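Contents: one structure, followed by commentary.
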Amino acid sequence: MLDPLISLLPIYFLLLVGAVSIKTRLVPADALPHLSRFALVICMPVIVASAVMRSGDLTEFNWRFIAGYAVAALILLGLGSWIMARVFRLPGALAAMMGMGMSSANTIFLGYPVGLVLFPDQVDRLFAWIIVAENLAVIPVAIIAAEVLAGEKGRGFSASLRQTFGQMTRSPVLIGLVAGLVISGFDIHLPGPVDKTRGLVAAAAPLIALFFVGGTVANAQWRETGAPVLAVSFGKLVAHPLLALAVLSLLPGITPAQATAGMVFAAMPMFAIFPILSSRYGGAEIASSALVVTTLLGAVTVSALVLVI
């Protein structure tokens, strides 16, 4: 019964190694931005491209799953943003970012390593589908909403849309996604040394990612402990996975195993750069605190979820 939980222990140990390394100054905290850039610019596109290459071309994507996962996240994005604005009186743009924190998981740096342990045979396929849902629907909608609600002089919906599209074209995630689709769709065979390098980076990336997440949480400023932080944490760790399971279970063409796996991905804490994105709208402290709380509580909630399923 405890075997699935025991299988997750290496992931928790690596998170702990990252946290302890930063707290004890074995690795200086100012090294985190450099590690972050390496993880985001080098490791992230390689992980995404490798997973997409193994999951097939666009004709093999389950678009019902992608749409269902996106719809569940967008429902939570809208509802969470409304609650943060009306109940907790946050400015509209910041409320939208908190909604994004509830509805966007750390799919790459936490979800993928957990998926490798729990459902290795289908993790690449599911990972690719969720990356499409998050990066082509959920995150752009949240950023556009925040930009529009920020109400900068002379900036409207069309300007926000253009800015977001420009950011997307430079996104390492989308670069990896497009590269993987091109290689898979045209059946391109990478030269041996290139493919070997890709494999080495892809194999090392989860280790680097988990170390980075652990170090980021240890270095994050935990200054807010009030109701808004708890609301964001509840939305991320409880509402998001339940909504994902509910929507995916209702759609035809999605197996119970796939719906359950989608729930597991959705149960991950928010991504580590969430405080950086939120700082643009004055939400660095609440976002940083929410990141710490969800990552710490996530070890409990994800473990409980694994035991249940």
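The values are calculated or read from the model by the stated rules, or taken from the named source; none is laboratory data. In this text, all values refer to a predicted model and were calculated from it rather than measured experimentally. Neighbour counts run over all protein chains shown; Cβ positions are idealised from the backbone, glycine included. Quick note on the areas: whole protein, heavy atoms, side chains included, nothing else; ligands and nucleic acids left out. Shrake-Rupley method; radii C 1.70, N 1.55, O 1.52, S 1.80 Å.
Remarks
- Atom-type composition of the exposed protein surface of the chain places 70 percent of the accessible area on carbon and sulfur (1.4 angstrom probe).
- q = 0.28 Å⁻¹, segment 228-274: log10 I(q)/I(0) [Debye, one scatterer per Cα]: -0.94
- Alpha-carbon Debye profile of segment 1-58, log10 I(q)/I(0) at 0.21, 0.27, 0.29, 0.30 Å⁻¹: -0.92, -0.99, -1.03, -1.05
- Take the Kirkwood radius over Cα pairs of the chain, plug it into Stokes-Einstein at 37 °C and 0.692 mPa s, and you get 168 µm²/s for translational diffusion.
- Heavy-atom accessible area per residue - the chain, 1.4 Å, Å²: 46
- Rh by Kirkwood over Cα pairs, then Stokes-Einstein D for segment 7-112 at 1.567 mPa s and 4 °C, µm²/s: 76
- Segment 225-309 shape via C-alpha gyration tensor axes, a/c threshold 1.5: prolate
- Working from label points 7 Å from Cα in the Cα-to-Cβ sense, the THR59 to LEU26 distance is 5.0 nm.
- Full extension of the segment from ALA204 to HIS189, taken as 0.36 nm per residue of separation minus the current Cα-Cα distance, would add 3.2 nm.
- Distance between the C-alpha centres of segment 1-62 and segment 250-307: 14 Å, rounded to the whole angstrom.
- Summary value for the chain: 32 percent relative contact order, contacts being C-alpha pairs under 8 angstrom separated by 6+ residues.
- Scanning the chain for long hydrophobic helices, with DSSP H runs required to stretch 27 angstrom or more by C-alpha along their axis and to average at least 0.0 on the Kyte-Doolittle scale, returns 63-86, 192-219, 284-308.
- Of every Cα-Cα pair in segment 167-309, the percent that sits beyond 18 Å: 69
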